[in-house]
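K.L.:
Okay, handing you the structure first.
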Amino acid sequence: MVRQRVERGDIVWNFPGGGIEKDETPECACIREVKEETGLDIKDLNLIHKQDEKYTFLIKNIKGRIKLDKTNKDNDDIFEVKWISLHDYNKFDNYTKPIIELLSQLDEGPNIT
(Lines give C-alpha, C1' and ligand atoms only; values in the text may rest on other atoms or scores of the structure.)
Protein backbone atom coordinates (compact mmCIF):
# COMPACT_ATOMS: atom_id res chain seq x y z
CA MET A 1 0.00 0.00 0.00
CA VAL A 2 1.02 3.62 -0.32
CA ARG A 3 0.76 6.22 2.43
CA GLN A 4 -0.23 9.38 0.62
CA ARG A 5 -2.03 12.68 0.78
CA VAL A 6 -5.36 12.23 -1.00
CA GLU A 7 -7.56 14.84 -2.69
CA ARG A 8 -9.66 15.33 0.44
CA GLY A 9 -6.45 16.43 2.22
CA ASP A 10 -6.01 13.45 4.53
CA ILE A 11 -2.86 11.33 4.69
CA VAL A 12 -3.98 7.70 4.48
CA TRP A 13 -2.85 4.22 3.53
CA ASN A 14 -4.26 3.61 0.09
CA PHE A 15 -4.08 1.05 -2.66
CA PRO A 16 -1.75 2.05 -5.52
CA GLY A 17 -3.70 3.58 -8.37
CA GLY A 18 -4.43 6.54 -10.51
CA GLY A 19 -5.91 7.69 -13.75
CA ILE A 20 -6.32 5.74 -16.95
CA GLU A 21 -4.37 7.34 -19.79
CA LYS A 22 -5.70 7.79 -23.33
CA ASP A 23 -5.89 4.45 -25.21
CA GLU A 24 -5.05 2.52 -22.01
CA THR A 25 -7.17 -0.29 -20.58
CA PRO A 26 -7.97 -0.33 -16.86
CA GLU A 27 -5.74 -3.43 -16.53
CA CYS A 28 -2.79 -1.69 -18.21
CA ALA A 29 -3.34 1.39 -16.04
CA CYS A 30 -3.21 -0.80 -12.92
CA ILE A 31 0.02 -2.46 -14.04
CA ARG A 32 1.61 0.92 -14.83
CA GLU A 33 0.43 2.64 -11.63
CA VAL A 34 1.59 -0.18 -9.35
CA LYS A 35 5.01 -0.13 -11.06
CA GLU A 36 5.28 3.68 -10.79
CA GLU A 37 4.17 3.84 -7.16
CA THR A 38 5.73 0.70 -5.68
CA GLY A 39 8.39 -0.56 -8.12
CA LEU A 40 6.61 -3.92 -8.34
CA ASP A 41 5.85 -5.80 -11.55
CA ILE A 42 2.41 -7.38 -11.58
CA LYS A 43 0.31 -9.61 -13.80
CA ASP A 44 -2.66 -11.99 -13.55
CA LEU A 45 -5.21 -9.36 -12.53
CA ASN A 46 -8.84 -10.15 -11.73
CA LEU A 47 -11.39 -7.33 -11.59
CA ILE A 48 -13.15 -7.55 -8.23
CA HIS A 49 -14.95 -4.20 -8.08
CA LYS A 50 -15.96 -1.36 -10.38
CA GLN A 51 -17.74 1.80 -9.35
CA ASP A 52 -18.12 4.63 -11.82
CA GLU A 53 -14.67 4.87 -13.43
CA LYS A 54 -12.78 3.27 -10.52
CA TYR A 55 -11.57 -0.28 -10.96
CA THR A 56 -10.18 -2.54 -8.24
CA PHE A 57 -8.15 -5.60 -9.17
CA LEU A 58 -6.94 -8.59 -7.22
CA ILE A 59 -3.34 -9.20 -8.27
CA LYS A 60 -2.16 -12.80 -8.25
CA ASN A 61 1.41 -12.47 -9.53
CA ILE A 62 3.84 -9.93 -8.04
CA LYS A 63 7.57 -9.68 -8.65
CA GLY A 64 10.26 -7.30 -7.50
CA ARG A 65 11.16 -5.36 -4.40
CA ILE A 66 8.89 -2.69 -3.03
CA LYS A 67 10.40 0.80 -3.25
CA LEU A 68 9.27 4.39 -3.57
CA ASP A 69 10.74 6.29 -6.51
CA LYS A 70 10.80 9.92 -5.32
CA THR A 71 12.43 11.00 -8.61
CA ASN A 72 9.01 10.44 -10.25
CA LYS A 73 7.14 13.73 -9.76
CA ASP A 74 3.83 11.83 -9.82
CA ASN A 75 4.87 10.30 -6.48
CA ASP A 76 5.18 13.67 -4.69
CA ASP A 77 2.01 12.92 -2.69
CA ILE A 78 3.35 9.53 -1.52
CA PHE A 79 5.29 9.38 1.75
CA GLU A 80 5.83 5.63 2.12
CA VAL A 81 5.17 2.29 0.41
CA LYS A 82 4.83 -0.85 2.49
CA TRP A 83 3.21 -4.25 2.67
CA ILE A 84 0.22 -3.91 5.03
CA SER A 85 -1.42 -6.98 6.54
CA LEU A 86 -5.13 -7.34 5.80
CA HIS A 87 -5.47 -7.97 9.53
CA ASP A 88 -4.02 -4.53 10.37
CA TYR A 89 -7.54 -3.12 10.16
CA ASN A 90 -6.69 0.23 11.79
CA LYS A 91 -4.63 1.14 8.69
CA PHE A 92 -7.73 1.08 6.48
CA ASP A 93 -10.22 3.94 6.19
CA ASN A 94 -13.79 4.27 4.93
CA TYR A 95 -12.56 4.04 1.33
CA THR A 96 -10.32 0.97 1.68
CA LYS A 97 -12.22 -1.05 4.33
CA PRO A 98 -15.05 -2.00 1.92
CA ILE A 99 -12.49 -3.53 -0.46
CA ILE A 100 -10.93 -5.53 2.39
CA GLU A 101 -14.40 -6.75 3.35
CA LEU A 102 -15.08 -7.66 -0.30
CA LEU A 103 -11.85 -9.68 -0.41
CA SER A 104 -12.97 -11.73 2.58
CA GLN A 105 -16.13 -12.69 0.67
CA LEU A 106 -14.35 -13.89 -2.48
CA ASP A 107 -13.52 -17.57 -2.88
CA GLU A 108 -10.13 -16.62 -4.34
CA GLY A 109 -9.40 -13.94 -1.78
CA PRO A 110 -7.63 -14.30 1.54
CA ASN A 111 -9.51 -15.44 4.60
CA ILE A 112 -9.44 -12.39 6.89
CA THR A 113 -12.23 -13.22 9.33
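The values are calculated or read from the model by the stated rules, or taken from the named source; none is laboratory data. Since this is a predicted model, take the numbers as computed values, not measurements. All Cβ positions, glycine included, derive from the backbone under ideal geometry; neighbour counts span all protein chains shown.
K.L.:
Quick check on residue 66: is it at pLDDT 95 or above and loosely packed, with under 15 Cβ neighbours inside 10 Å? I'd like the intermediate steps shown before the answer.
P.N.:
Numbers: at pLDDT 95 or above: yes; loosely packed, with under 15 Cβ neighbours inside 10 Å: yes.
The answer is yes for residue 66.
K.L.:
Another question about this same structure. Taking residue 84, is it surrounded by 14 or more Cβ atoms within 10 Å (Cβ to Cβ), in a loop (DSSP other than H, G, I, E, B) and touching a residue at least 60 places away in the same chain (Cβ under 8 Å)? Walk me through how you get there before you give the answer.
P.N.:
Details: surrounded by 14 or more Cβ atoms within 10 Å (Cβ to Cβ): yes; in a loop (DSSP other than H, G, I, E, B): yes; touching a residue at least 60 places away in the same chain (Cβ under 8 Å): yes.
Yes: the conditions hold for residue 84.
K.L.:
If you go through region 31-41 one residue at a time, do you hit one that is of a type in the set (Ser, Thr, Tyr), within 18 Å of residue 94 (Cα to Cα) and in contact (Cβ under 8 Å) with a residue 40 or more places away in the chain? Explain how you work it out, then say what you get.
P.N.:
Within region 31-41, the first condition is being of a type in the set (Ser, Thr, Tyr), and the residues that meet it are 38.
Now restrict to residues that are within 18 Å of residue 94 (Cα to Cα): none.
For region 31-41, residues of a type in the set (Ser, Thr, Tyr), within 18 Å of residue 94 (Cα to Cα) and in contact (Cβ under 8 Å) with a residue 40 or more places away in the chain: absent.
K.L.:
Just a yes or no: is a residue in region 100-113 at pLDDT below 95, surrounded by 14 or more Cβ atoms within 10 Å (Cβ to Cβ), in a helix (DSSP H, G or I) and of a type outside the set (A, V, I, L, M, F, W, C)?
P.N.:
Of region 100-113, the ones at pLDDT below 95 are 100-113.
In the following step, the residues that additionally are surrounded by 14 or more Cβ atoms within 10 Å (Cβ to Cβ) were identified as 100, 102-103, 109.
Restricting the remaining residues to those that are in a helix (DSSP H, G or I) gives 100, 102-103.
With the extra rule that they be of a type outside the set (A, V, I, L, M, F, W, C), the set shrinks to none.
For region 100-113, residues at pLDDT below 95, surrounded by 14 or more Cβ atoms within 10 Å (Cβ to Cβ), in a helix (DSSP H, G or I) and of a type outside the set (A, V, I, L, M, F, W, C): absent.
K.L.:
Does residue 74 fit the bill of being surrounded by 14 or more Cβ atoms within 10 Å (Cβ to Cβ) and over 15 Å from residue 15 (Cβ atoms)? Steps first, answer last, please.
P.N.:
Numbers: surrounded by 14 or more Cβ atoms within 10 Å (Cβ to Cβ): no; over 15 Å from residue 15 (Cβ atoms): yes.
Criteria not met by residue 74.
K.L.:
Can you tell me which condition residue 34 does not meet? The list is (1) crowded, with 16+ Cβ neighbours inside 10 Å; (2) assigned to a strand (DSSP E or B), and all the others hold.
P.N.:
Here residue 34 meets the rest and fails (2).
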